[in-house]
1. Are there any trypsin sites (Lys or Arg not before Pro) in the stretch 23-105 that are in a DSSP loop and have at most 14 other Cβ atoms within 10 Å? List them by number.
2. Can you divide the C-alpha Rg of the stretch 36-108 by 2.2 N^0.38 Å and report the result to two decimal places?
3. Which aspartates and glutamates, on any chain, are close to K51 with Cα under 13 Å apart, when same-chain ones fewer than 8 places away are left out?
4. Just to verify a number: FRET efficiency for S18 and N68, C-beta to C-beta distance, R0 = 30 Å, to 0.05?
5. Taking θ = phi - 60°, what integer Hz values does the Karplus form 6.51 cos²θ - 1.76 cosθ + 1.60 yield along the stretch 86-94, in sequence order, with x for Gly and Pro?
6. Quick check: residue separation of K50 and R85 times 0.36 nm, minus the Cα distance between them. What number comes out in nm?
7. Determine ³J(HN,Hα), in whole Hz, for all residues of the stretch 55-65 in sequence, where each value follows from phi through the Karplus function 6.51 cos²θ - 1.76 cosθ + 1.60 and θ = phi - 60°; x replaces Gly and Pro.
Amino acid sequence: MENPAFINGNTHLQRLASEHGFNFLFCPKYHCELNPIEGAWCFLKGFVRKKDDLDFDKFLELILEAINEFKNIDLNIKLWNRFWRALEMYQSGASYQNFLEKLFGAKSSSKVISHKKAKILIH
């Protein structure tokens, strides 16, 4: 987003989208939960890892099986819904910890200070 091309919306892609009635919504860095493709990759990789036996032909079959499962459970809709809920929460002033607890429940029991990686200082 700090690239000069993005500052005032001058990229060719942005102009082209605008001409056809579309707008870009850029997600902030380090917020994977705001980017639905990250959820898709997470699901696909997890699905394959659980069933993979290090056989390449089986690996290729599992990729196709994972894609079909992704479609069958309508995960794309769930990821987009999570994206919009996250935006609404951030706009209403929710903290990152509140966001994690609301959308991921017990999976997010650790105390989070920020969405960025904390630096560890050793004295």
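1. Values: sites: K29, K45, R49, K50, K51, K58, K71, K78, R82, R85, K102; in loops: K29.
Taking the stretch 23-105 and a limit of 14 other Cβ atoms within 10 Å, the loop trypsin sites (Lys or Arg not before Pro) found are K29.
2. Working: Rg = 15.4 Å, N = 73, 2.2 N^0.38 = 11.2 Å.
The value comes to 1.37.
3. Output for K51: E61, E65.
4. Values: r = 36 Å, r/R0 = 1.19.
Once rounded, the FRET efficiency stands at 0.25.
5. So the Karplus estimates, Gly and Pro as x, are 4, 4, 4, 5, 5, 5, 8, x, 5 Hz.
6. Working: separation 35, 0.36 × 35 = 12.60 nm, distance 2.91 nm.
That pair, K50 and R85, stretches by 9.7 nm at full extension.
7. 9, 5, 4, 5, 4, 5, 5, 5, 4, 5, 5
Any read-out appearing in this document is the output of simple, stated calculations on the displayed coordinates, not a laboratory observation. For clarity, every value in this text was computed on a predicted model and none was experimentally measured. Positions of Cβ are generated from backbone atoms using ideal geometry, with glycine treated the same way; all protein chains shown enter the neighbour counts.
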